[in-house]
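See below for the structure under consideration.
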Amino acid sequence: MRILVAEDDRDIAELISHYLRKTGWSPHVAGAGDEALAYARRHPLDAIVLDLMLPGMDGLEVCRALRADRTTAGVPIVMLTARAEEQDRIRGLELGADDYLAKPFSPNELVARIRAVTRRARRDAGATVLHFGSIAVDTERHTVTNAGRAVTLTAKEFLLLQYLLEHRGRVLSRDLLLGDVWGYSYTGGTRTVDVHVRRLRQKLPPLVTGLVTVKQFGYRLVDE
């Protein structure tokens, strides 16, 4: 994933970039608002971390300009700022920011929030029908069939199945699944993932062999 980090504090920008690179993402740092806006208009991005207090154009101006431009209007934005007053948060969200995190912040929480907003953006980009063998998942109608027969899943079972299908072939840790499917604020243990995987295998027999357990780590949906 390609992420723009618009932050004028070099230490904070490097901290954010370090955690993003650890997650496998590719960050680019811009230290001023006009620089960030120009870069976003020239390069396709999956997300933007936008500091409110930027030299040149401030974060609110940049956010307004991004949302007014057809090429950048749909890019998820997480605002990051030391100004935590309610009116600042409301103004940022009204201008089109997808989330708002006040400094000081946890880098892990920031990464989790970026995952959440990018996941929502992918879902909103358009409905698709995902297939795995005889399994078909309609992400718009939230329906699942196996060999043409309807299968009833809970909301979390559906989201977990969709996530596995969208990331087939990759080894997914239990912690990653918890963060991306259950959300960064979920406080339950990783045992929850195992329970839901077991239920999916019971309801969808192709997953018994297709969804492989990676010992002491997580799961991988093998390529067909």
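The values are calculated or read from the model by the stated rules, or taken from the named source; none is laboratory data. Every value quoted in this text rests on a predicted model; they were computed, and no experiment measured them. Glycine gets a Cβ as well: all are built from the backbone with ideal geometry, and neighbour counts include every protein chain shown.
Structure values in brief
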| quantity | calculated |
| --- | --- |
| Per-region count, the stretch 58-77, residues closer than 16 Å to D88 by Cα and surrounded by fewer than 24 Cβ atoms within 10 Å (Cβ to Cβ) | 4 |
| Flag if R119 is among the basic types (K, R), assigned to a helix (DSSP H, G or I) and under 20 Å from H196 (Cβ atoms) | yes |
| Qualifying residues in the stretch 152-204 (those that are of a type in the set (V, I, T), at pLDDT 85 or above and buried (at least 20 other Cβ atoms within 10 Å of the Cβ)) - the one farthest from G24 (Cα to Cα) | V197 |
| E35, sole failed condition from (1) surrounded by fewer than 18 Cβ atoms within 10 Å (Cβ to Cβ); (2) farther than 30 Å from L161 by Cβ; (3) among the charged types (D, E, K, R) | (1) |
| Of residues in the stretch 1-18 being surrounded by fewer than 16 Cβ atoms within 10 Å (Cβ to Cβ) and part of a loop (DSSP other than H, G, I, E, B), the one modelled with the highest pLDDT | D9 |
| Test result for L95, surrounded by fewer than 20 Cβ atoms within 10 Å (Cβ to Cβ) and in the same structural domain as G24 (by TED's automatic domain parsing) | yes |
| Only one of P55, P107 that is surrounded by fewer than 21 Cβ atoms within 10 Å (Cβ to Cβ) and in contact (Cβ under 8 Å) with a residue 60 or more places away in the chain | P107 |
| Any chance T139 is within 25 Å of M1 (Cα to Cα), of a type outside the set (D, E, K, R) and not assigned by TED's automatic domain parsing to the domain that holds D175 | no |
| Residue in the stretch 123-131 that is part of a loop (DSSP other than H, G, I, E, B), modelled with pLDDT of 85 or more and not aromatic (F, W, Y) present | no |
